[in-house]
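What follows is one structure encoded as structure tokens, with my remarks underneath.
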Amino acid sequence: MQHIQTAFLFDLDGTLVDSVYQHVLAWMEALDEEGIELSVWRIHRKIGMSGGLFTDQLLRETDQPIAPDRVDRIRRLHAEAYKRNAKKIRPLPGARELLATLTETGVPWAIATSGRLETAAPNIAALGVDPAKIPVVTRDQVKYAKPDPDLFLAAAERLGIPIENSVVVGDSIWDMLASRRCRALGVGLLSGGYGQDELERSGAIRVYEDPSDLLKHLDEVGGRR
């Protein structure tokens, strides 16, 4: 019987790097500058969406006008605030080891993030990932981001692996919803702040604490050559 090659498609923020709360605080700073008051927990619930969908939902919740120039300004303010704290961001425990193990065993993998390159680049560098060798798909490269499946579809295509043979690893319900929509297997991590029940209800077939925990159980989700 022929072995089916499995590919791993990773979200970035909260999945491979410990950056969720920096994003939350950057969005809060951007909203404060626009005179928009919103509780931190409401911001956190939307981390992992595309920036455009994120700001649209936030502005709807606060009954604020959703003019395109205002959305773009908030996104720009967020990027500037986030970059000021980017040096403090570190890979999550086991992230680099997990990626190295997949590489060493010949399992293809890629990164697919709802972040734009301007905010994703420092985190990709912190992981030691070379985009010239490993496919990295950012928000700039697709029409729609999560919960739409475009990012993961593009990443699988660049690897040359059918999306049905792919495992999507993410920390948010938006990752899991996107994985269901493209018929990939979803694996959730608790390292972004979502609970196990939430991730499982959104489609995760397995949930682990962080990349280190996933590495210990890699064989459970097809992570072998």
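Readers should treat all values here as calculations from the given coordinates under stated rules, not as data from a laboratory. These figures come from a predicted structure and were not determined experimentally.
Here are some notes:
- Stokes-Einstein translational diffusion, segment 20-87 - Kirkwood Rh over all Cα pairs, 1.306 mPa s, 10 °C, in µm²/s: 136
- Segment 166-225: proportion of alpha-carbon pairs further apart than 17 angstrom, %: 29
- Calculated [222 nm] ellipticity per residue, helices only, for the chain: -12500 deg cm²/dmol; basis is -39500 (n - 2.57) per DSSP H run with n ≥ 4, divided by all residues, nearest 500.
- Solvent-free Debye scattering, log10 I(q)/I(0), computed from the Cα coordinates of the chain at q = 0.12, 0.13, 0.16 Å⁻¹: -0.59, -0.69, -1.05
- Taking the longest Cα principal axis of the chain as reference, the axis of helix 51-61 is set at about 50 degrees.
- Separation of alpha-carbon centers, segment 22-53 and segment 75-148, rounded to whole Å: 20
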